[in-house]
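Below is one structure; the comments refer to it alone.
The values are calculated or read from the model by the stated rules, or taken from the named source; none is laboratory data. Computed from a prediction, not measured in an experiment: that's the story for all the values here. Every residue, glycine among them, receives a Cβ derived from its backbone with ideal geometry; neighbour counts consider all protein chains shown. For the accessible areas, the whole protein counts, side chains as well, though only heavy atoms, and no ligand, DNA or RNA atoms are used. Shrake-Rupley method; radii C 1.70, N 1.55, O 1.52, S 1.80 Å.
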Amino acid sequence: MRADYVGEAIHLRGLVEFSNYCRCNCLYCGLRRENKAVSRYRLQPEELVRTALFAAELGYGTVVLQSGEDLFYTGELLAQIIKEIKAKTNLAITLSVGERTEEEYALWRQAGADRYLIRHETADPALYAALHPQRTQRERVGCLQTLRALGYEVGSGFMVGLPGQSAETLASDLSLLRELDVDMVGIGPFIPSPSTPLAEESGGSFERTVNLVALLRLMLPEANIPATTAMGTLRPNGREIALAAGANVMMPNVTPTRYRPLYEIYPGKICTGEEAGECRLCIEGRIKSIGRTVGQGQGESLKYRKRNAAAGKYA
Ligand code: 5AD
Ligand code: SF4
Ligand code: FES
């Protein structure tokens, strides 16, 4: 199915983790507001732009600008940054900065942002509420719908093996993604993070996550599905196994190396000592080792392309 629908190409996204400040308190995440053990950093706007330009130099067609929910980056400031990157490169820009207002999402879209990643995390509304203080699943799904209506290529996803999650929850995760008709889906095993309330819980199963990647490819054959960093963290060749199960995207890190160890969502995260050029070469070697090819261009999803073609928006 993967070969028939999206072929052998693996699309690369240069990932810039530009701030680990976060106003949220998600129980599972090492960057949660109440985790005082984290030293916080943010790239200044000039450094963020420079890093994105470097991603273009390394040959990436897309950058993912990801951060905690950091309001230092106002709607206007991020819009300026998007415009500057768009003016200087051919990069597709994917944002992953959490829940913001419809006005901000619209401003960023006008500024040139192409895509947005915001995982629904879990389809069980009660579990969602338990894991996300002061947040609701309704708001999260609302964000996904707003982004979609604004013309973004939209990505969601969930964690596998969250405490309190059952097989039924995972089935609901899959049907929610089908309902939302997302263009991109990122999933990964839950990995317990120290200094969080879930530190002593057990983590998600690698094999189960691989099976879910395969199910996602069957259910959403035209979607872009990354082999996520969390998969690579649980097994040295975890990402290659995900690619063999149906994934077609990888997200090598381009964050300046000195900040990488500070973006510790969970422990043992790969690529925290490497430089951007090393990850570039490493990824290419991994892709070639399994007989696949590096995707060219911006690598938008087939799903998104067809949707816009149907709406007459795409040549
Ligand atoms: N283990 C695995 N994934 C996690 N995320 C956050 N904390 C963890 C953890 N402890 C995931 C969430 C979030 C993404 C950026 O990282 O799904 O959306
Ligand atoms: Fe913040 Fe994202 Fe971590 Fe939640 S998962 S605490 S929103 S960085
Ligand atoms: Fe970063 Fe392999 S992808 S070192």
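Amide H contacts of residue 253 (H built 1.01 Å from N, in plane; Pro and chain starts excluded): 15 sit under 5 Å, all sequence-distant by 5 or more or on other chains.
Rounded to the nearest 5, what % of the DSSP beta bridges within segment 25-169 are antiparallel ones?
Working: 0 of 11 bridges.
Of the beta bridges lying entirely in segment 25-169, close to 0 percent run antiparallel.
Solvent-accessible surface of protein heavy atoms, probed at 1.4 angstrom with all chains present, puts 128, 259, 21 in the order 21, 259, 128, largest first.
Legend: residues 229, 293, sorted from most to least accessible area (1.4 Å probe; ligands, DNA and RNA excluded), read 293, 229.
Ligands, DNA and RNA aside, residue 265 has an accessible area near 50 Å² when probed at 1.4 Å. Heavy atoms of the protein chains alone define the surface here; on that basis the chain has 41 Å² accessible area per residue at 1.4 Å probe size.
Summary of the geometry: segment 16-75 and segment 174-209, compared by the centres of their Cα atoms, lie 20 Å apart.
In a simple Cβ point-charge model (Lys, Arg +1; Asp, Glu -1; nothing else charged), segment 133-218 has a dipole of about 140 debye relative to its Cα centre. Within the same chain, aspartates and glutamates fewer than 8 places from residue 306 are excluded, and of the rest, those with a Cα less than 18 Å from its Cα are 4, 114, 153, 179, 181, 183, 222. Coupling constants for segment 36-42 follow from the phi torsions by the Karplus curve (6.51 cos²θ - 1.76 cosθ + 1.60, θ = phi - 60°), and in residue order they are 7, 6, 8, 7, 8, 9, 9 Hz; glycine and proline get x. Amide H contacts of residue 62 (H built 1.01 Å from N, in plane; Pro and chain starts excluded): 14, 92 sit under 5 Å, all sequence-distant by 5 or more or on other chains.
A crude spin-label estimate for the pair residue 145 and residue 4, with each label 7 Å from Cα along the Cβ direction, gives 3.3 nm.
List the residues whose amide H sits under 5 Å from the amide H of residue 153, counting only those 5 or more places along or on another chain, with H placed 1.01 Å from N in the peptide plane. Residues meeting the criterion, in which the H sits 1.01 Å from N, are 115, 116. Remark: relative contact order (the chain) = 23 percent; criterion is Cα-Cα distance under 8 angstrom and separation of 6 or more residues.
Cysteines in the chain that lack a partner Cβ within the 4.7 Å cut-off: 22, 24, 143, 271, 279, 282. Here the simple spin-label model places points 7 Å from the Cα toward Cβ, and for residue 179 and residue 302 these points are separated by 2.6 nm. Backbone N atoms of segment 126-158 closer than 12 Å to the 7 Å Cα→Cβ label point of residue 311 belong to residues 146-154. Measuring with a 1.4 angstrom probe and ignoring ligands and nucleic acids, residue 72 comes out at about 80 Å² accessible. Label positions at residue 274 and residue 77, each projected 7 Å from the Cα along the C-beta direction, are separated by 3.0 nm.
Across the cross-link table entries 86/288; 88/303; 36/269, which are compared at the Cα atoms, the separations over 26 Å belong to 86/288; 88/303. Whole-Hz Karplus values for segment 82-91 come out as 4, 4, 5, 5, 5, 5, 9, 9, 9, 5 Hz, taken residue by residue from phi with 6.51 cos²θ - 1.76 cosθ + 1.60 and θ = phi - 60°; glycine and proline positions read x.
Of all beta bridges DSSP finds with both residues in segment 2-310, what is the antiparallel percent, to the nearest 5? It would help to have the intermediate numbers written out before the result.
Details: 1 of 30 bridges.
Restricted to segment 2-310, the bridges split so that about 5 percent are antiparallel.
Among the GluC sites (Glu not before Pro) found in segment 132-203, those both in a DSSP coil and sparsely packed, with 11 or fewer other Cβ atoms within 10 Å of their Cβ, are 200. Overall, segment 2-310 carries a charge dipole of about 320 debye about its Cα centre when +1 sits on the Cβ of Lys and Arg and -1 on the Cβ of Asp and Glu, all other atoms neutral.
How high is the relative contact order of segment 12-83, in percent, counting Cα pairs under 8 Å that sit 6 or more residues apart?
Numbers: 86 pairs, mean separation 34.3, N = 72.
Normalised by residue count, the contact order of segment 12-83 is 48 percent.
Counting only C-alpha contacts under 8 Å and six or more residues apart, can you give the relative contact order of segment 238-294 as a whole percent? All intermediate terms of the calculation are to be shown ahead of the outcome.
Details: 33 pairs, mean separation 20.8, N = 57.
It rounds to 36 percent for segment 238-294.
Using θ = phi - 60° in the Karplus curve 6.51 cos²θ - 1.76 cosθ + 1.60, the 3J(HN,Hα) couplings for segment 119-134 round to 5, 7, 6, 7, 7, 7, x, 6, 5, 4, 5, 5, 8, 10, x, 6 Hz; x is entered for Gly and Pro.
Run the accessible area of segment 2-310 with a 1.4 Å probe and give the carbon-and-sulfur part as a rounded percent. After summing per-atom areas, the C and S share lands at 52 percent. Considering only protein heavy atoms, what is the solvent-accessible area of residue 33 at a probe of 1.4 Å, reported in Å² to the nearest 10? Here the accessible area works out near 100 Å².
Based on alpha-carbon centroids, what's the gap between segment 126-152 and segment 94-119 in Å, whole number please? Taking the Cα centre of each part, segment 126-152 and segment 94-119 sit 14 Å apart.
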